[in-house]
1. Around residue 61, under 9 Å between beta carbons, what's the net of Lys plus Arg minus Asp minus Glu among the other residues?
2. Magnitude of the Cβ-charge dipole of the chain, K/R +1 and D/E -1, about the Cα centre, nearest 20 debye?
3. Can you tell me the dipole magnitude for the range 91-199 around its Cα centre, using point charges on the Cβ only (Lys, Arg +1; Asp, Glu -1), in Debye to the nearest 20?
4. Using a ≥ b ≥ c from the Cα gyration tensor of the range 87-137 (square roots of the eigenvalues), is it rounded, prolate or oblate, where a/c under 1.5 gives rounded and otherwise the larger of a/b and b/c decides, a/b for prolate?
5. Sort 187-195, 66-74, 84-92 by the packing proxy (mean of other Cβ within 10 Å over each peptide's residues), most packed first.
6. Going by the alpha-carbon gyration tensor, a ≥ b ≥ c the square roots of its eigenvalues, is the range 91-199 rounded (a/c under 1.5) or, if a/c is not under 1.5, prolate (a/b greater than b/c) versus oblate?
7. Of the residues 156, 176, 63, which exhibits the maximal mean-square fluctuation in a Gaussian network model of the chain defined by a 10 Å Cα contact cut-off?
8. Springs between alpha-carbon atoms under 10 Å, Gaussian network over the chain: tell me which of 16, 82, 159 tops the mean-square fluctuations.
Amino acid sequence: MIDLYFWSTPNGYKVSILLEELGVPYNVIPVHIGKGQQFAPEFLAISPNNKIPAIVDHEGQDGQPIAMFESGAIMMYLAEKSGYQFMPQDTRRRYEVLQWLMFQMGGVGPMLGQAHHFRKYAPEKIDYAIDRYTGEARRLYTVIDRRLADSEYLAGDYSIADMATYPWLRAHKWQGQDLADFPHLQRWYSAVRERPAVQRGIAVLAEKVDKTGVRPSGDRWENLFGKNQFAAR
């Protein structure tokens, strides 16, 4: 059994989707980041960067429990442990997957996250930041669209790279993007969205997602974006 420390964010969904695709039993442990549960000592012992997701695999590859944080590393671990499902063992194809996974980790996640923040959450409108990150989001969408003009999925076959990227593009409107501008990406997006395992992964803790669209305030703001993020714990 795998314990998945989770909240309903794009990075959290990456791992829940993979677990569903693999058919691996897992136990969801909610970490309510709006309430500051990511700062609890018992969670920091597993995820020292106070971010979700994290896992504890009670039967690691050596038979001993193993705790892991960082969504990309978790996805690589789970794919390898499951017999290299969704990440080929062949060197050439393996690194095709890994380069697109790193593209998501180093570009798609951080830049689209900044677009979310300055377009939706920032306490003051900063035109320079909005323009910069909206433009960078469009550039990244264009990179993906060009790739998918020649490939059904990011690394050829459906892989952890697709599972990592899709959750971040679900909020394309927050990022100031219209999928109709990217026809190859739009085709891929629809194909990934329709996968039953993807739908199950996105449904994890769905009843707890804040759908009001109201900007966080008070302690919730401080836990998500403010001083609590930077305080020594």
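All of the numbers you see were taken from the coordinates with simple rules; none came from a lab. Predicted model, so just to flag it, every value in this text is computed and none were measured. Quick reminder, even Gly has a Cβ in these numbers, built from the backbone with ideal geometry, and neighbours come from all protein chains shown.
1. Numbers: positive: 81; negative: 57, 59, 62, 80.
Neighbourhood net charge equals -3.
2. Values: 27 positive and 27 negative charges, 143 e Å.
With Lys and Arg at +1 and Asp and Glu at -1, about 680 debye.
3. Result for the range 91-199 is approximately 160 debye, rounded to the nearest 20.
4. Working: a/c = 6.83, a/b = 3.79, b/c = 1.80.
Judged from the Cα gyration tensor, the range 87-137 comes out prolate (a/c at least 1.5, a/b above b/c).
5. Details: 187-195: 16.0, 66-74: 18.9, 84-92: 14.0.
By packing density, highest mean first, the sequence is 66-74, 187-195, 84-92.
6. Working: a/c = 2.02, a/b = 1.77, b/c = 1.14.
Note, shape of the range 91-199 comes out prolate.
7. 63
8. 82
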